[in-house]
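These notes are about the structure you will find just below.
The values are calculated or read from the model by the stated rules, or taken from the named source; none is laboratory data. Given the structure is predicted, the values throughout are model-derived calculations rather than measurements. FYI the Cβ positions are ideal-geometry reconstructions off the backbone, even for glycines, and counts take in every protein chain you see.
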Amino acid sequence: MVERQRSVVFGEAVEQYDSARPDYPAQLITDVLDYAAPGPVLEVGAGTGKATAGFAARGVSLTCVEPDPRMAAVLTAKCPGVRVEIGIFEDYTPDQGFGLLYSAQAWHWVDERRRWDLAHAALAPAGAVAVFWNLYLVADPNLRDALAEVDRRHGVKTSSLHRAAPPAGRAAEHPLADDPRFTDLGQRRYQRAGHYPAARYLDLVRSISAYRMLAPDTREALLAEMAGLVGDGVEMALLTDLTLARRTP
Ligand SMILES: C[S@@+](CC[C@H](N)C(=O)[O-])C[C@H]1O[C@@H](n2cnc3c(N)ncnc32)[C@H](O)[C@@H]1O
């Protein structure tokens, strides 16, 4: 039997994914486009277009690489002017040099031994790369601990949803710090907060790969327990961490 791959389980819950996952801060999109070199833009792992819609609205010429046709169908409906290439980035052959390559919540799924080589090859000289992730955190520490206990009891070890916020100002080391092919390195954090009604919170849980990998009856039991804990909804802290680099001309 072929092993079910964690990197491409999102399309199983495409509706919940698209309705429950947050978008990305408008200021991040402005900052990335200000930093980018002129020219066409490539997005890696576009999913249902949560980031794509924001970039497309700024009038850039966009090509999106996305392996899951279920996610890509929502993306195309949402962003009809965007070129979509179905497949993984590792198999994609760029037909032009891009002024910007960005990836939202997806760069960790690309082969870690090859991803920066592939980005370098896809960029025009002085082209920019921007990778970013939303971190959604339950703001109330008591509720967070209770939800983390439900995770533990059901064997979920790798969900980031129920952990404490990483301390501000202690971003991880830049992944390209020692790579002379890239320059002008940067890292930024954006902060937002929001109320998630219970149904949206539970759909967010359903959309996360750590929970998708559970057996369906285990997942439903976990969700029932979480529903009992969250009441009307959850106050969330949304952090977005951005990493920037430029191809050395
Ligand atoms: C967590 S989703 C992020 C989707 C979207 N960018 C967003 O911000 O909501 C990860 C996406 O990466 C895609 N993906 C997984 N492996 C990939 C790979 N090797 N190359 C390109 N995309 C990949 C998945 O199909 C999925 O749509």
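When you look at residue 60, is it in a loop (DSSP other than H, G, I, E, B), within 30 Å of residue 248 (Cβ to Cβ), at pLDDT 95 or above and not small (Gly, Ala, Ser), yes or no?
yes
Within the range 78-99, can you find the residues that are among the aliphatic types (A, V, I, L, M) and touching a Leu at 6+ places or on another chain (Cβ under 7 Å)?
Scanning the range 78-99 gives 82, 84.
Residues are listed down the side, and each one gets a yes or a no for (1) in a helix (DSSP H, G or I); (2) farther than 22 Å from residue 149 by Cβ:
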| position | (1), (2) |
| --- | --- |
| 192 | no, yes |
| 202 | yes, no |
| 205 | yes, no |
| 214 | no, no |
| 219 | yes, no |
| 228 | yes, no |
| 238 | no, yes |
| 246 | no, yes |
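Name the residue that is surrounded by the fewest Cβ atoms within 10 Å (Cβ to Cβ), counting only residues in the range 91-141 that are among the β-branched types (Val, Ile, Thr) and in contact (Cβ under 8 Å) with a residue 12 or more places away in the chain.
110
Residues being assigned to a loop (DSSP other than H, G, I, E, B) and within 8 Å of the ligand (Cβ to nearest atom): count how many of those fall in the range 24-50.
Number of matching residues: 7.
Identify the residue in the range 51-84 that is within 16 Å of residue 105 (Cβ to Cβ), aliphatic (A, V, I, L, M) and out of contact with any Gly (no Cβ under 7 Å at 6 or more places or on another chain) and, among all such residues, is nearest to the ligand (Cβ to nearest atom).
51
What is the residue count in the range 76-102 for residues that are more than 21 Å from residue 129 (Cβ to Cβ) and under 15 Å from the mean Cα position of the chain (by Cα)?
Selection size over the range 76-102: 0.
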